[in-house]
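Written out below as structure tokens is the structure these notes cover.
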Amino acid sequence: MLTEKNVTDALADVLVPGIQRNLADMNLLQGVALAGNNLKITVASAALDENAQNWIREKCTGVVRDLDGSLQTEITFIEKRPAEINRVRNVIAVMSGKGGVGKSLVTALTAMLLRSRGFNVGILDADITGPSIPRMFGLTARPRGSESGILPVLSASGIEIISINLFLPDEEDAVIWRGPLIGRAITQFWEDVLWGNLDFMVVDLPPGTADAPLTALQVLPVNGIIVVFTPQNLTTMIVKKAIKMAGQMDKKVLGVVENMSYLYVPELKKKIEIFGKSRGEEMAKAAGAPLLARIPIDPGLAALCDEGHIERYSADVLKSLGDGLLKVFPGNA
């Protein structure tokens, strides 16, 4: 005998156009009711334009027909906004006291390693005036959606991504906005984008401790921060300000990552600390959190970022970062 669970399980084959995750994963499937020979399927319309709704209706009808061709099926779309149906379990913010230290790189690597371990992951690029996430992942497609919301763009490995650069006519166009507009854009990326069910959201915060990162930490339910720095003395001094900001806002620092820590010369079998002695332990002590990774200067990694193929990167530092992160994260995800 056919049950509502049978129908729900079968609908797992219906993928949301452009996202390649099913209705349940995106939290769009709102109900399945079977009464006698009548079946009613309720779907949220959040971020779905008319074409997407028609496509989903057709696919759902086909799935049900394959289960039982005698059923009288009604598929209803109800109005809901993404903020009403998104379910993001963990939000990790990647921050620093200054720009140019590799926040976006660490954001990308963190999302990649979490995705490689089977988690559903999204990246919210909150660095509105200096976005670089789309270039790293080789993304050029514009986000789709409707009046009720926006669909993120999917990376090659299945990471959901939203960034202001995906909306610009040219990726080199400057975003010349004042603080309130930047803050509003960050809020919209959280509330108006259909993220669905995510295990992790990784947020690339703007540098510094002013309006933009403050807005992100206030609006987003951040339950863990990764602090990024480089070995230079000046940089570590400034980054300690970000650590203090996190503490004042009662946000837990999960760990620290030292980028551009050293250059490994295979011919010499030697690590050269180009920017000075590692300050990893010093920063870990200041943050009251573990040193998650020391990322080397790697020309190969830089080339992959420039070419939009960061997801092809593989190195021991990724395992170190992943093991450390999941060990300290609340609830171990």
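Every number here is computed from the coordinates shown, using simple stated rules; none is lab data. Bear in mind that the values here come from a model prediction, so they are computed numbers and not experimental data. Positions of Cβ are backbone-derived with ideal geometry, glycine not excepted, and every protein chain shown enters the neighbour counts.
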With a 10 Å radius around each residue's Cβ, average the other Cβ atoms per peptide and rank 183-194, 72-83, 120-131, highest first. 120-131, 183-194, 72-83
What are the lysines whose alpha-carbon lies under 26 Å from the alpha-carbon of Lys277, with same-chain residues fewer than 8 places away excluded? Lys98, Lys103, Lys240, Lys241, Lys244, Lys269, Lys285, Lys319
Contact order normalised by length for segment 84-332, with contacts defined as Cα pairs under 8 Å and 6 or more residues apart; what percent is it? 25 percent
Report the charge-dipole magnitude of the chain in Debye, nearest 20, computed about the Cα centre from +1 at each Lys and Arg Cβ and -1 at each Asp and Glu Cβ. 1280 debye
May I ask you to list the lysines whose Cα is less than 20 Å away from that of Lys80, ignoring any residue fewer than eight positions away on the same chain? Lys40
For a quick check: with amide H placed at 1.01 Å from N, whose amide H comes under 5 Å from Val14's, ignoring anything fewer than 5 positions away on the same chain? Leu23
Convex hull of segment 268-333 built on C-alpha atoms - directionally averaged projected area, nm²: 6.2 nm²
Given an 8 Å cut-off on Cα distances and at least 6 residues of separation, report the relative contact order of segment 4-80 as a percent. 32 percent
What Kirkwood Rh does segment 4-80 have if only Cα atoms enter the pairwise 1/r average? Answer in Å. 12.4 Å
Scoring only Lys, Arg, Asp and Glu (+1, +1, -1, -1) among other residues with Cβ under 12 Å from the Cβ of Ile226 yields +1
Mind listing the phi-derived Karplus ³J(HN,Hα) values for segment 67-79, rounded to whole Hz, using 6.51, -1.76 and 1.60 with θ = phi - 60°, and x for any glycine or proline? 6, 7, x, 8, 5, 9, 9, 10, 10, 10, 9, 10, 6
dims of segment 51-107, Cα set, principal axes, largest to smallest, nearest Å -> 63, 23, 22
Below 8 Å, C-alpha to C-alpha, sequence gap of six or more: please give me the relative contact order for segment 112-220 in percent. 38 percent
Hull volume in cubic angstrom per residue (convex hull over the Cα atoms of the chain): 146 Å³
Taking θ = phi - 60°, what integer Hz values does the Karplus form 6.51 cos²θ - 1.76 cosθ + 1.60 yield along segment 237-243, in sequence order, with x for Gly and Pro? 4, 5, 5, 4, 5, 5, 4
